[in-house]
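A short reminder: the numbers here are calculations on the coordinates, not readings from a lab. Given the structure is predicted, the values throughout are model-derived calculations rather than measurements. FYI the Cβ positions are ideal-geometry reconstructions off the backbone, even for glycines, and counts take in every protein chain you see.
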Amino acid sequence: MTQPGTPPILTPILTHFDADGQAHMVDVGDKRETRRVAVAQGRITMQPATFAMIQSGTAKKGDVLGIARIAAIQASKRASELIPLCHPIALTRVAVEFALDDAASTIACTVTAETVGRTGVEMEALTAVNVALLTIYDMCKAVDRGMRMDGIQLVEKLGGKSGHWVAGNPG
């Protein structure tokens with residue numbers, strides 16, 4: 001029993017399981033089409049020399065961040081091929097940004113994915129961030145196998161029945 005004024009404990013509903021506990025693709029046929037946006041981010045930390053090589057554009061394999069940007073966009077379009085119960089969706093926009101932190105030898109990647117549809121684009125944004133960071137790793141692993149990827153998360157979601165959500169905000 002909860003105290004007066006205490007919000008009830010909500011039991012989460014896992015939508016990718018049916019009443020018998022079997023995995024299934026969620027039926028979105030009755031959902032309204034709305035503009036949906038998801039923003040995801042992550043970062044990769046490396047040795048200062050590796051960071052300098054990327055920043056100066058002197059990596060042997062070429063423009064590391066340019067190739068990572070294309071890889072992220074390509075990955076966002078293939079999320080449903082990689083994640084078994086993810087719906088294939090028509091993306092209307094994918095933007096990939098990199099922020100370089102000299103002091104920490106870290107590159108942050110932020111991806112914004114958008115669509116007008118019946119289901120969200122969180123998986124597309126998250127897949128894109130992961131693949132961008134993996135591409136940076138792949139292009140630089142010959143000089144720095146100790147690079148570390150972390151902080152990968154959804155930071156904002158907009159649209160659909162659940163509305164606007166921002167990481168760190170209650171509710």
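Can you tell me the mean projection area, over all orientations, of the convex hull of the stretch 40-166's alpha carbons? Units nm², please.
If you wrap the Cα atoms of the stretch 40-166 in a convex hull and average its projections, you get 7.9 nm².
Sorting His164, His87 on the 10 Å Cβ count, fewest up front, what's the list?
Details: His164 11, His87 15.
So the ranking, lowest neighbour count to highest, is His164, His87.
Could you list Thr110, Thr34, Thr135 so that the one with the fewest beta carbons within 10 Å of its beta carbon is first and the one with the most is last?
Ranking Thr110, Thr34, Thr135 by Cβ neighbours within 10 Å, fewest first, gives Thr34, Thr110, Thr135.
Given the stretch 58-101, report the % of alpha carbon pairs whose separation exceeds 13 Å.
That tail contains 63 percent of the Cα-Cα pairs.
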